Amino acid sequence: MDTQTTDAPAAVPPRTTPPRPVLRTVRARRRLGPGRRIRFGFLLGPLLLLTAWTLGSAAGLLDGRFLPAPWTILGTAGDLIASGRLQEHLLSSLRRAGLGLGLGIALGTVLALVSGLSRWGEAVVDGPVQIKRAIPALALMPLLILWLGIGEVMKVTTITLGVLVPIYIHTHNGLRGIDNRYAELAETLGLTHRTFVRRVVLPGALPGFLVGMRFAVTSAWLFLAVVEQINSTSGIGYMMELARTYGQTDVILVGLVIYGLLGLFSDGLVRYVQRRALAWRRTLED
């Protein structure tokens, strides 16, 4: 008699539950820099200095003959404005500084492009500019006076030479710091030389150019303050030199405050443009 044999059921493997995904707390990326940027933070230091000056004058710690109180300076500035002298001298100073700054920026940028885009250009241009960098523009003033006289041309030329060097140095460094892979990519895409310069070189040099601008605007006011005290008949420096003759310390301080404010706000303007133009970069200043 045939016996039927039945196969034993296969063992079913135990069901395993898939492992639960481990939820990791995503930590916010730490912002590069010391903290949130303070709006108008560049004014904090000068305001603290003004506060210390005011308190020192009010407490009698500062001799008014050598350092008049801030309210005395404000009164003197008001008198100068009422007479129209301050506006006249300020416009003359702005005209000189603006002309020298514009010429220095244009000349420094052109020389940086010639030197940064060509090895032959660098061999011809970089050496003389480095020599000029080692010779302060103020040291050239005796020679400039002999060549150009003591008129406006000498004054604007001195400011131009003072502005030229920082623009050239930082723009040239920006050009030389462009990653060579961008040049290889442009060659792969078949970009023309003009397009390569416009799309790659100029944007790559912009950070260095803007850093040079910060030094340039400060240099413009520095050299302006010096040249305006040499046989000038107008300008803030002339007003200060005339006040020195008559021992008017308060007028001299008005001129110094104006020079300081011009430098502070022009640097702040360049920094604002720098943040806007380079918004794609994350820096400690942002």
Self-check item: Karplus-derived HN-Hα couplings along the range 257-271 (A = 6.51, B = -1.76, C = 1.60, θ = phi - 60°), whole Hz, x at Gly and Pro
Solution: 4, 5, 4, x, 5, 4, x, 5, 6, 5, 5, x, 5, 5, 5
Quiz item: When the chain is fully extended, how far beyond the present Cα-Cα distance does Leu202 get from Phe66, taking 0.36 nm per residue of separation?
Solution: 44.0 nm
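For Ile150 and Gln248, what does the FRET efficiency come to when R0 = 30 Å and r is the distance between their Cβ atoms, rounded to the nearest 0.05? Please report the intermediate quantities before stating the final value.
Details: r = 24 Å, r/R0 = 0.80.
The calculated FRET efficiency here is 0.80.
Evaluate E = 1/(1 + (r/R0)^6) for Leu143 and Leu107, where r is the Cβ-Cβ distance and R0 equals 25 Å; express this FRET efficiency to the nearest 0.05. Display every interim value, and only then the final one.
On the way: r = 19 Å, r/R0 = 0.74.
After rounding to 0.05, the efficiency reads 0.85.
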Practice problem: May I ask you to evaluate 6.51 cos²θ - 1.76 cosθ + 1.60, the Karplus curve with θ = phi - 60°, for each residue of the range 132-137 and list the ³J(HN,Hα) values in order in whole Hz, giving x for glycine and proline? | Solution: 4, 4, 6, 9, x, 4
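Can you work out the FRET efficiency for the pair Leu94 and Ala183, with r the C-beta to C-beta distance and R0 = 51 Å, to the nearest 0.05? Walk me through the intermediate numbers first.
On the way: r = 41 Å, r/R0 = 0.81.
Efficiency computed from Cβ-Cβ geometry: 0.80.
Just so you know, all these numbers are worked out from the coordinates, no wet-lab data involved. All figures in this text were calculated on a predicted structure; none of them were measured in a lab. Cβ atoms come from the backbone with ideal geometry, glycine included; neighbour counts cover every protein chain shown.
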